[in-house]
Amino acid sequence: GALKCLLPRLLDLGKSRGWNNATLAAWQQMLSALPDLPRGSLHYESESKRPILEKSDLLAPAASLENIDPPNPINHQHTELFSIWPGKLVLRDPREHDLAVRSYHARQNQHWTSGWCLDVAFAACLGLREDVSRWWRFHFDITFSFPCGLAQEASPKQGDRESITISPSMQGLGTGVIPVLEMLMTDYPDLLVILPCWDPKVAVRFSLFSPYAGKVTVDYTPARGARVHTERAIRLEFGVGIKPAINAG
């Protein structure tokens, strides 16, 4: 899944910077040989029963877990949606987008409070702004965050200091910060979508990097609209309810 997303970006970047032609050709061959997304519906009831991958037209994990022995413990992560993010295979193909939305709504575990639960990240990738708005705070509130914004997971603690883990991580970014990034910008080789899943009533300023447009700076207010500056010329589109600033450069 991730290769289908990353290889086109690497090829575009390599061509623009004059990387080795043999390497680029090998990447192109690899991209052409990648299989289609796996389909099916994964079901598991308890730690004592083996998961079952039923035939379906929905997204499925890359490998069936039916024959695992002993039975696989319940996994509350959304393995059927991992091809959406971080692979982010849902581009501008309406059929792929429809498949991903249907798979999102049919996922077995929804808004679980343990495991790496990325419901809002998937929703943001799919442009489901109402879902993000409704659930983002719920997910963020169950992730302990440091004052600097980084978060930690439930790993062994430092003695009696229960609030500090031995190995702090950025796992909480998956439930808190990443959905925000997905709501700010989506980039394609020939198109930049500004604020694709953002509430048009909320002002925001940011700078992000796109391999196609370079540094992208956006200053948006509901009254003025979105003022956008890109390092390299690229076609712009805006999310629903987001308007470009008049006479913006």
Where in the range 214-249 is the amide nitrogen less than 11 Å from a point lying 7 Å along the Cα-to-Cβ axis of Leu191? 235-238
Work out how much length Ile52 to Ala106 would gain on full extension: take 0.36 nm times their residue separation and subtract the Cα-Cα distance, in nm to one decimal. 17.9 nm
Under the Karplus relation 6.51 cos²θ - 1.76 cosθ + 1.60, θ = phi - 60°, what is the ordered set of whole-Hz ³J(HN,Hα) values for the range 211-221, x standing for Gly and Pro? x, 9, 10, x, 5, 10, 10, 10, 10, 10, 9
Point-to-point label distance, His43-Lys215, nm (Cα→Cβ direction, 7 Å offset): 5.4 nm
Sort the following peptides by mean Cβ neighbour count (other Cβ atoms within 10 Å, averaged over residues), highest first: 223-236, 98-111. 98-111, 223-236
Along Cα→Cβ, 7 Å out, is where each label goes; now give me the distance between the ones at Ala33 and Lys243 in nm to one decimal. 5.2 nm
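Since every read-out is calculated from the coordinates, none of them should be taken as a lab result. Predicted model only: the values in this text are computed from it and were never measured. Cβ coordinates were reconstructed from backbone atoms using ideal geometry, including for glycine residues, and neighbour counts include every protein chain displayed.
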